[in-house]
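Worksheet: one structure, shown below.
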Amino acid sequence: MSHKPIRKAVFPVAGLGTRFLPATKAIPKEMLPIIDRPLIQYAVDEAIEAGIEQMIFVTGRGKSAIEDHFDMAYELEHTMSSRGKDMTILDGTHLKPGNCAYVRQQVPMGLGHAIWCARDIVGDEPFAIFLPDEFMHGKTGCMKQMVSAYKEKGGNLLSVLEIPEDQVSSYGVIDPGARDGTLTEVKGLVEKPAQKDAPSNLIISGRYILQPDVMRTLENQEAGSGGEIQLTDAMAKMIGSQAFHAVTFDGDRYDCGSKAGYLEANFALALQRDDLADDVRKFIKKYI
Ligand code: G1P
């Protein structure tokens, strides 16, 4: 069966980034670099790799650095090219006007509300969502793996991973059904359950492919966990009337919403780079 292609991706980037203050007082947390590429760039690279054409950023006040980052930088591009510099370093940073859109979430009312703010740009087609804090790094990107699964199954897909049981209360958790290779049927979803109420230790790890119906569900979604409008609650309502599958990502995940996860991502990537690995290996030995 052929399914409508995934052409659009929503990046909710309106969060205040309080966990990284004071670094994020004047700089969006999504612009913090993993070595030399900002976090948001990795998410956009992952979307491009998956064949996605339009990037929709749900931003807020103080986030204009993200728009500048993906804009044309005439002086920089001109100067670099006239000096014969390697321009590939800027790949993926200059999105054409037709390939990006920005909409503001004016009030911080939760992830579900942020996604709903993009409803007019998403329109009536299935779309992807990327939570850029969740840095997914693999030989094949997480979204590309999900798009392959979508081509087979259609419907709605979530990326999941197993975590220690005492951490489930910080995440959206799935109630798993039948498993078939890397795909698991989703029978239910709970946002930030108490450990004792969690249906599993499989958490939603920040990548989604959703049918546009979710926007209509979000329209009337009441506040949930933390008093916020939760995407997980809206998706939970759709289970039963729509197919929902979870994809276990074949790759590494770093929780860059936490300082330790952010540092780990920097070290892990540095150790994979020819220009850095030797130096980093040497100094790490000094400290441990
Ligand atoms: C959000 C989602 C949650 C998901 C998590 C992944 O929570 O609501 O379902 O598991 O991202 O990081 P947040 O981290 O915004 O509280």
- Task: Would you mind telling me which residue in I174, I239, I40 has the biggest mean-square fluctuation in a Gaussian network model of the chain, where springs connect alpha carbons within a distance under 10 angstrom?
- Result: I239
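Just tell me the longest site-free run in the chain, where the sites are trypsin sites (Lys or Arg not before Pro) in a DSSP loop having at most 16 other beta-carbon atoms within 10 Å. Please report the intermediate quantities before stating the final value.
Values: sites that count: R7, K25, R61, R83, K85, K139, R273.
Here the longest run is 140-272.
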- Item | Computed [θ] at 222 nm, helices only, for the chain once each DSSP H run of length n ≥ 4 contributes -39500 (n - 2.57) | -8500 deg cm²/dmol
- Long-range amide H contacts for I34: which residues qualify at under 5 Å (H placed 1.01 Å from N, peptide plane, sequence gap of 5 or more or a different chain)? L39
- 5 angstrom amide H check on S205, placed H, neighbours 5+ away: S159, V160, L161
- For segment 246-251, Karplus-derived ³J(HN,Hα) couplings (6.51, -1.76, 1.60; θ = phi - 60°; whole Hz; x for glycine and proline) come out as 10, 10, 8, 6, 8, x
- Message: From the phi angles alone, apply the Karplus equation (6.51, -1.76, 1.60; θ = phi - 60°) to segment 189-197 and give each ³J(HN,Hα) in whole Hz, x where the residue is Gly or Pro.
- Response: 9, 9, 8, 6, x, 5, 3, 5, 9
- Message: Using the Karplus curve 6.51 cos²θ - 1.76 cosθ + 1.60 with θ = phi - 60°, what ³J(HN,Hα) values do you get for each residue of segment 198-214, in whole Hz, with x for Gly and Pro?
- Response: 5, x, 6, 10, 9, 9, 6, 10, x, 10, 9, 10, 10, 6, x, 4, 4
- Query: Normalised by the residues of the chain, what does the relative contact order come to in percent, with Cα pairs under 8 Å and at least six apart?
  - Reply: 22
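What shape does segment 10-158 have by the C-alpha gyration tensor, where a ≥ b ≥ c are the square roots of the eigenvalues, rounded means a/c under 1.5, and otherwise prolate means a/b greater than b/c and oblate the rest? Could you put the intermediate results ahead of the total?
Working: a/c = 1.62, a/b = 1.19, b/c = 1.36.
Taking the square roots of the gyration eigenvalues as a ≥ b ≥ c, segment 10-158 is oblate.
Going by the alpha-carbon gyration tensor, a ≥ b ≥ c the square roots of its eigenvalues, is the chain rounded (a/c under 1.5) or, if a/c is not under 1.5, prolate (a/b greater than b/c) versus oblate? Show your work: numbers first, answer last.
Numbers: a/c = 1.56, a/b = 1.31, b/c = 1.19.
It comes out prolate by the Cα gyration axes.
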- Under a point spin-label approximation (7 Å from Cα along Cα-to-Cβ), what is the D36-H78 distance to one decimal in nm? 2.4
- Note on the structure: Here the FRET efficiency for D278 versus A23, based on Cβ atoms and R0 = 35 Å and rounded to 0.05, is 0.80
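Using a/c under 1.5 as the rounded threshold, could you call segment 1-83 rounded, prolate or oblate? The axes a ≥ b ≥ c are square roots of the C-alpha gyration tensor eigenvalues, and prolate needs a/b larger than b/c, oblate otherwise. Please list the in-between numbers first.
Numbers: a/c = 2.14, a/b = 1.18, b/c = 1.82.
In terms of gyration-tensor shape, oblate.
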- Query: Given springs between every Cα pair under 10 Å in a Gaussian network model of the chain, which of I89, I163, I129 has the largest fluctuation?
  - Reply: I89
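Cross-link list K259/K286; K8/K144; K85/K259; K139/K192; K63/K96; K151/K192: which exceed 24 angstrom alpha carbon to alpha carbon? Walk me through the numbers before you get to the answer.
Numbers: K259/K286 21 Å; K8/K144 13 Å; K85/K259 34 Å; K139/K192 30 Å; K63/K96 19 Å; K151/K192 30 Å.
Check vs 24 Å cut-off fails for K85/K259; K139/K192; K151/K192.
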- Item | Which of V147, F267, A26, positive extreme of dipole for the chain (C-beta unit charges) | A26
- In a Gaussian network model of the chain with springs linking alpha carbons closer than 10 Å, the residue among T182, T248, T88 that fluctuates most is T88
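Since every read-out is calculated from the coordinates, none of them should be taken as a lab result. If you're wondering where the values come from, they're calculated on a predicted model, not measured in any experiment. All Cβ positions, even for glycine, are placed from backbone atoms using ideal geometry, and neighbour counts span all protein chains on display.
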